[in-house]
1. Closest approach to the B-A rotation axis by any Cβ of B: residue and distance in angstrom?
2. One decimal, nm, shortest first: give the distances between the label point of B:PHE101 and those of the same position in the other copies, each label point 7 Å from Cα along Cα→Cβ.
3. What relative contact order, as a whole-number percentage, does chain A give when Cα pairs under 8 Å and 6 or more residues apart are counted?
4. If you build the Cα gyration tensor of region A:1-125 and take the root of 5 times each eigenvalue, what three semi-axes come out, in whole angstrom, biggest first?
5. May I ask you to list the trypsin sites (Lys or Arg not before Pro) in region A:1-49 that are in a DSSP loop and have at most 11 other Cβ atoms within 10 Å of their Cβ?
6. Between copies, how close do the B:THR4 label points come, placed 7 Å along Cα→Cβ, listed in nm from shortest?
7. Under 12 Å between alpha carbons, and skipping anything fewer than 8 positions from B:LYS64 in its own chain: which aspartates and glutamates qualify?
8. Which trypsin sites (Lys or Arg not before Pro) from region A:105-201 combine a DSSP loop assignment with at most 10 other Cβ atoms within 10 Å?
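Values in this text are rule-based calculations from the coordinates and carry no lab data. This is a predicted model, so every value here is computed, not measured. Cβ atoms come from the backbone with ideal geometry, glycine included; neighbour counts cover every protein chain shown.
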There are 2 protein chains.
Amino acid sequence: MKETVPLAEAAALLCEPSRAKMVQCLLDGRFHTATELAVYAGITPQTASHHLYKMTECNLVQVKKNGRHRYYRLSSAEAAQMIESLLCIAPPEKIRSLKQFDRYHAIRFARTCYDHLAGKVGVALTEAMRDLAILEQRENCFYLTEKGKLCLQEFGIDVTAALKKRRSFARCCLDWSERRYHLAGSLGHAILERLLTLEWIRRLPHTRAVQVTEEGKRGFSQVFGLDVRNEPFNPIGDTGIRPEVNRKGELS
Amino acid sequence: MKETVPLAEAAALLCEPSRAKMVQCLLDGRFHTATELAVYAGITPQTASHHLYKMTECNLVQVKKNGRHRYYRLSSAEAAQMIESLLCIAPPEKIRSLKQFDRYHAIRFARTCYDHLAGKVGVALTEAMRDLAILEQRENCFYLTEKGKLCLQEFGIDVTAALKKRRSFARCCLDWSERRYHLAGSLGHAILERLLTLEWIRRLPHTRAVQVTEEGKRGFSQVFGLDVRNEPFNPIGDTGIRPEVNRKGELS
DNA sequence: TTCATATTTCGATGATAGTCGAAAGATTAG
DNA sequence: CTAATCTTTCGACTATCATCGAAATATGAA
């Protein structure tokens, strides 16, 4: 019988490019069909089926049968967190086409992270709420202030419902693209839902990137004092283009 | 040119059993030589060298030359955190020998997690400090109370030095074996160092598991009201033995 | 029922990558 | 200097596993 190394088995679920792509699609926290994931990863349905079987068996994803479709999603917030932490270590993506360039910036500008808002906009909104004394950041968590509670209730968020959820309320989540914290937990989720309802942001098909609507830009500015602009061509900003370097990585 | 998926590349570093073993050895946060890691993983030095090259290139580990030795260690606390989060998802280890049984329990009883204490003892100590109002736990972090500051200073810990470090002070770290939080960050590190100095715990060779000395048992009891006993044969406790199950893992 | 769609199972293939032996490079001890 | 030790480089072998075609299964539509 062969020796098994649990850590390696867990990592093996994500070390394969096709599986990694599918999982990144699943990072939006929603259900996706097997075929949808196959197309996203650029593989045939039978291959995708094979991968999804492995991932459900290891309890990384869950499946729900509904008619002739099978809907897959990540099985837990811990799984999503684990993947995000891997993304923090992962090397930056190499840009080889204009399409990839656009995607690179779109996903960094605004995206969903499991069930809350992330990217430039996610971090900016979090920091704006902190500056407005809606949130307090201490160590690695956020706290909703009394003032903040009133503000967010006025904004249309059911804070007490979010507090009752059996999960973290205002967790800190390290944003892999911004390398700073954004708000997660049930409060983060509630805010994302509210932003979608208000149509300040809109989900885009086939991607976790989300679009900030014109109304959203106005709203973010008026309510949170946020100037939300997507400027991928800002010559000062990070274009995502990296010189090829070989690093030996030796210390001292 | 081939397309790369950064997430997959990061996961690939850990998906190989030999590499996973080496990395788990490195989880103690200290330096290890290439040969040491090769022996630990049960492979030849040239294979280990090959793996270590890959891991340094991806910035998961760092290397420091010193004479004819090369000392390797994890490159960052984030890397350690990422690995720990993978361990939370990883399937439980299968026990096949008495030696493995002992190791299974030793590592769960008390171990170092990067640079702080983890396992049953790590979690128990953290919770004892919380119960003694040395720490306050709110959301996903800990706070040192005024009383706690005095207590720990009396215990011989330089709290102000720990506060000055450019890293989290009292982070929550999810313990993969206990599935509960233990104290991490610079304070967690300072406490581990103090426990080692006092010889309440002792490092063991070739493992991250640590031993609680007789003096340590008395000390934990007197200072923290902790009854530290290692009882791997407790019939009520988790023996680590799992029935073979096949799970289809389908919902509803 | 019959057809269409979604998904899985099976089997074969091919590429990737972990492995080790041999040998060279680097550094210290004597 | 020479010998010994630690580590890396090179080359070849081999096992693993992702992949897809073909076909089966399951469900819904007509």
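1. B:CYS15, 2
2. Computed spacing set for this position: 6.4 nm.
3. The value is 16 percent.
4. Each semi-axis is √(5λ); the values are 25, 18, 16 Å.
5. The qualifying sites are A:LYS2.
6. 3.2
7. Cross-link targets: A:GLU250.
8. Passing sites in region A:105-201 are A:ARG166, A:ARG179.
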